[in-house]
Each structure stands twice: as C-alpha cells, then as structure tokens.
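> This is the structure I want to talk about, given as structure tokens.
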Amino acid sequence: MQLIIIVIVGSVLGFIYGSYTDGFIFSSDICLFAGLTLIMPSLFNFRLRDVRLVWEYRSILFKGMLVNYLLLPLFAMGIGLATQDFGIAAGLFLVSVLSGGGMVMHWIKKSGADTSFGFLLLFANLVFVSLSMLMLHTFATYSAGYFNVTYDEEISIERFAEEVIILLIIIPFFASRAVLLVKPLEEKIRKYKKLISQSSIFIILFYLFGLQNTQLLVDIYDFEPELFLVAFGAVLLFYLLTYLASRWIYDLDSPQERAAFWHSITRYLTLALVLSTFSLNAFGVSMLLPIMYSYIVQIPLAVYVNKVYSGS
C-alpha cells in the first residue's frame, strides 16, 4: 500500500508541477539515476560465476523468452486492436515487450526465488531492448492501416538500445563492484535500500509526469475522455491474462521458475514510460495511458501474488 501511495502522489504532483510551469525537458540522465538507485543495490549479491546458470537453466530461460516475446505481445496485440486506438495499442504493446523492471528483484528476493538467476534474466531482457523496439516498430507498421492512421516516423533502435544498456546495466554493474570494495558504503546502502528505492521511484515518476509532453494528456481528457476508461480496461485484461498464463506455465515450486514467473507478471514500466516520451509524435499522447494505468494495476498484483505464494 505504501508503494502505491508513492506512485500515485509522485505522478500527480509531477503532473501538477508540469501544468503550472513550463515542465521538464527529457534527459537521459533519468535513466542513469534509475540505474544507480533501483538496479545497482540489487546487484550486490550477484557474482560473475553465476553466469553459468544461463546454461544450467537454459530451458527456463527459453520458456521465459517465449512468454515475454511471443505470448504476452500476442495478448497485447489482440487487446490493443480491440481498443480501436493506435496510441493505447502501442503503449500496451510496449509494456508487453519490456520484462522485469526496477522492482522485480525486490519481489524475487521477497518471495524466496533465485536472485542470481533473477538478475541474469533482468540482464538478458535489457539486452533484448533492441528486439523490443523492433517488435514495437513492426507492430506499428502493420497495424497503422487498421487504425486508419499514418505511421511514417522511424523508431531509431540504436538510439534507445545502446543508451539503455549502458545506463541501466553496464554502469550500475561496475558501480556495484566498486561499492563492494568499500564496506562501510555497502552497509549503508543495504541498510537504507528500501528508503532509497522508494525515494527513487517518487523522483522518477515526478520527473516523468512533469515532462512537457505528458501535459498533452489534458487534450485527451478534453476531447476524448472515454479513452481513459478504455485504456484502464485494456490494462486490466492484459494483466489478468498475463497472470493466469504465467501461473499455468511456470512451476512455482522451483526457485528459478519463480524468478522467471516474476519477470513475466511484472513489466519494466519506468523504462516504458521513458521510451514512450521519445515516441509520442509517432503514436500519439494516448500511448501514455496504458503505461500509467499499469503502475496502478501491477503493484497491487505483485503484492497479492507475493502474499499468496510466499505466505508473507
């Protein structure tokens, strides 16, 4: 409940700030901030020798790839086409191809899943961000005619993928190795990890919802208010299908499969929100709606799932 409040307050205050000022101009520095505050502390328990787990649990890795890059995008595609809105469909599809996220390691650890294997899945899914963007571009190219819109603007795959990998994987990883050499600093970060994580989420959401582009949501509310309800219904259905399918596909008695399970039912929403700010001209501002609602749906779902399967 505390995290839900942080998400709502951070988003609302950011939007209010942007509406009464000129708003923020997007900077990739927010990705670096997210990497150092949300991802880096989760890497303290990771050791390079854990890379061997990729081969040892290759069948689980393959299963997760099929779920995250085939099944869930199919769910999103079907639901998105039914919404009759190009932006909502694109936003939901983007959510479907971005697995894991800053909070996924928290849930993996809290539920007693394999944290080392969980990080490897996080790393693999971030490496495949270029594939995610290619899939979004392909979906938009072939669905634009269905929505009677024109999709002319190319999505620069390299523009996103390289920067995301550097800021959210490479720098946090080497920063974590450096922190491990300074024991007092490591202990401080471990002690205040929850506070750091929650503060980081608040700052990131305040910033992203305070961006100049985000203020265009007012136009949707004025001219097409029904899209807010359509987007919320689409997100609810997507997460319901995702949860039911993941519960059926993964063996939750296995710590490794439980880690893969969390990488399927939680999506990288902060990254989706960041990437969407580059793409509003191509898809429309309604692209933001399913990403916003995903925060509201995903967090309570994660809390519920954790209580059910970990007994906490």
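> Hey, can you rank 86-94, 71-79, 249-257 by average C-beta count inside 10 Å, highest first?
Values: 86-94: 28.9, 71-79: 19.3, 249-257: 16.6.
Ranking, from highest mean packing down: 86-94, 71-79, 249-257.
> Lysine pairs, Cα distance under 28 Å, 8 or more residues apart or cross-chain: how many in the chain?
Final tally of qualifying lysine pairs is 21.
> Solvent-accessible area per residue for the chain at a 1.4 Å probe radius, Å²?
Details: 14110 Å² over 312 residues.
Using a 1.4 Å probe on heavy atoms only, each residue of the chain averages 45 Å².
> Let me ask something additional. What do you get for the angle between helix 2-20 and the principal long axis of the chain? Use alpha-carbon atoms, 0 to 90 degrees, nearest ten.
Helix 2-20 sits at roughly 40 degrees to that axis.
> To continue, here is another question. Of the accessible area of the chain, with the probe set at 1.4 angstrom, what percent is carbon plus sulfur? The partial results should precede the final answer.
On the way: 9280 of 14110 Å².
Percent of accessible area from carbon and sulfur atoms in the chain: 66.
> Once label points are set 7 Å from the Cα along Cα→Cβ at both Ile16 and Tyr142, what is their separation, rounded to one decimal in nm?
4.5
> Restricting to Cα atoms and excluding each atom paired with itself, what does the Kirkwood estimate give for the chain in Å?
Details: mean 1/r = 0.0508 Å⁻¹.
Over the chain, the inverse of the mean reciprocal pair distance is 19.7 Å.
> With +1 on each Lys and Arg Cβ and -1 on each Asp and Glu Cβ, and nothing else charged, work out how big the dipole of the range 154-312 is about its Cα centre, in Debye to the nearest 20. The partial results should precede the final answer.
Details: 12 positive and 13 negative charges, 203 e Å.
Dipole magnitude for the range 154-312 comes out near 980 debye.
> Okay, next question. Using alpha carbons only, how many degrees (0 to 90, rounded to 10) separate the axis of helix 86-96 from the longest principal axis of the chain?
10
> Whole-Hz Karplus ³J(HN,Hα) for the range 233-246, in order, using 6.51 cos²θ - 1.76 cosθ + 1.60 and θ = phi - 60°, x for Gly and Pro?
x, 5, 5, 4, 5, 4, 5, 5, 5, 5, 5, 5, 5, 5
> By how many degrees, between 0 and 90 and to the nearest 10, does the Cα long axis of helix 269-283 differ from the longest principal axis of the chain?
30
> Between Leu180 and Asp29, how many nm apart are label points set 7 Å from Cα along the C-beta direction?
About 3.0 nm separates the two model spin labels.
> Enumerate the amide H contacts of Ser99 below 5 Å, restricted to partners 5 or more residues apart or on another chain; note that Pro and chain-start residues carry no placed amide H.
Here Tyr268 satisfy the definition.
> If the viscosity is 1.306 mPa s and the temperature 10 °C, what translational diffusion coefficient in µm²/s does Stokes-Einstein give for the range 169-312 when Rh comes from Kirkwood over Cα pairs?
Numbers: Rh = 17.9 Å.
It diffuses with D of about 89 µm²/s by this estimate.
> Here is a further query. How large is the translational diffusion coefficient of the range 45-191 in µm² per second when you combine the Kirkwood radius over alpha carbon pairs with Stokes-Einstein at 25 °C and 0.890 mPa s? Show your work: numbers first, answer last.
Working: Rh = 17.3 Å.
Value of D from the Cα-based Kirkwood radius: 141 µm²/s.
The values are calculated or read from the model by the stated rules, or taken from the named source; none is laboratory data. No experiment lies behind these values; they were computed from the predicted model shown. Note that each Cβ is placed from the backbone with ideal geometry, even for glycine, and that neighbours are counted across all protein chains shown. Calculation scope for accessible area: heavy atoms of the full protein, side chains included, ligands and nucleic acids excluded. Shrake-Rupley method; radii C 1.70, N 1.55, O 1.52, S 1.80 Å.
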